[in-house]
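To start, the structure itself, in structure tokens.
Please treat every number below as a calculation from the coordinates, not as lab data. Bear in mind the structure is a predicted one, so any value in this text is a computation, not a measurement. Cβ coordinates were reconstructed from backbone atoms using ideal geometry, including for glycine residues, and neighbour counts include every protein chain displayed.
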Amino acid sequence: MGIYVFNWFFLLVLVPVAFFWLRRAWRILVRRDFSEVALKKGMPPPDAERYAPYEMTINLVGGVVLVSVLVAVLGFQALARDDWMAIAGVTLWMKVMASFALGRHAHGIDFGKKKRGER
């Protein structure tokens, strides 16, 4: 019985995650809000508009995949438990890693720059 609770919990968690990602894609695409593009330490890069299409694509693809999994599982019961969990898990991790990589790439690497007071 415990594994069924975990399955339902994981499935229900996909709803707010998909909503959050699709909302971010909407903000970037329609509202032209670049405040959440390629974040590093909570700050966008100086040229956030340059990286906005990449961030929007990452969020849109991730959100659409999660919504598709939700519809396939809850609406059509078309996916087996192992299949939908694999698709959702890989999507979650790939989106997190892609957004992290984009944020690091957008901010560049600071070699040898020290802040005042550091040794």
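Helix 2-29 and the long axis of the chain differ in direction by around 50°, with both axes built from C-alpha atoms.
Relative to the first principal axis of the alpha-carbon coordinates of the chain, what is the inclination of helix 81-107, with its axis defined by its Cα atoms, in degrees from 0 to 90 and to the nearest 10? The angle comes out near 10 degrees.
Give me 95, 41 sorted ascending by neighbouring Cβ count inside 10 Å, so fewest comes first.
Numbers: 95 19, 41 6.
Lowest count first: 41, 95.
Computing P(r) over Cα pairs in 10 Å bins from 0, in percent directly from the structure and comparing it against (1) 13, 40, 40, 8, 0; (2) 13, 36, 25, 17, 7, 2, 0; (3) 13, 48, 30, 8, 0 singles out (2).
If you fit an axis through the alpha-carbon atoms of helix 48-70 and take the longest principal axis of the Cα set of the chain, what angle between them do you get, 0 to 90°, nearest 10? The answer is roughly 10 degrees.
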